[in-house]
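Just below is one structure, and these are the notes that go with it.
Bear in mind that the values in this text are calculations on the coordinates, not laboratory data. Here the structure is a predicted model, which means the values were calculated and not measured. Here Cβ is always computed from backbone atoms with ideal geometry, including for glycine, and neighbour counts include all displayed protein chains.
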Amino acid sequence: MASIERIRLKVIQRHYYLSAHAEDEMLEDNLERRDVEYAILKGRIEKRLTRDIRGTR
């Protein structure tokens, strides 16, 4: 199972945690939990960045 599929399954099953930092960032961007869930469940990956110093994202 691909990583995005595992993440989507966690969202569907409600087996995930949003950190306080993530919630603060969402508040600043005027996003709600359902917005983030929708993006994960219905969105698509445009490209993978593999040469980022922070790691693949």
Next item on the list: Starting from the Cα of Tyr17, step 7 Å along the direction of its Cβ; do the same at Lys42; then give the gap between the two resulting points in nm.
Entry: 2.9
Note to self: Multiplying the sequence separation of Leu9 and Leu49 by 0.36 nm and subtracting their Cα-Cα distance, what value in nm do you get?
What the structure shows: 12.1 nm
Next item on the list: Provide the per-residue ³J(HN,Hα) series for segment 30-35, in order, calculated from phi with Karplus coefficients 6.51, -1.76, 1.60 and θ = phi - 60°, each as a whole number of Hz, with x at glycine and proline positions.
Entry: 6, 10, 10, 3, 5, 5
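Please get the size of the charge dipole for segment 3-42, origin at its Cα centre, with Cβ charges of +1 on Lys and Arg and -1 on Asp and Glu, quoted in debye to the nearest 20. Could you put the intermediate results ahead of the total?
Working: 7 positive and 9 negative charges, 92 e Å.
Dipole of segment 3-42, to the nearest 20 debye: 440 debye.
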Item checked: Cleavage-rule hits, GluC sites (Glu not before Pro), the chain, DSSP coil, Cβ neighbours within 10 Å at most 12 -> Glu32, Glu46
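Counting other Cβ atoms within 10 Å of each Cβ, which chymotrypsin sites (Phe, Trp or Tyr not before Pro) in the chain have at most 16 and sit in a DSSP loop? Let's see the in-between values first.
Values: sites: Tyr16, Tyr17, Tyr38; in loops: Tyr16, Tyr17.
Answer in residue order: Tyr16, Tyr17.
Name the shape class, rounded, prolate or oblate, that the alpha-carbon gyration tensor gives for the chain, where a ≥ b ≥ c are the square roots of its eigenvalues, rounded holds for a/c under 1.5, and otherwise prolate holds if a/b is larger than b/c and oblate otherwise.
Values: a/c = 1.75, a/b = 1.18, b/c = 1.48.
Taking the square roots of the gyration eigenvalues as a ≥ b ≥ c, the chain is oblate.
Going by how many other beta carbons lie within 10 Å of each one, how would you line up Val11, Val36, fewest first? Before the final figure, lay out each step's value.
Numbers: Val11 16, Val36 19.
In order of increasing Cβ crowding within 10 Å: Val11, Val36.
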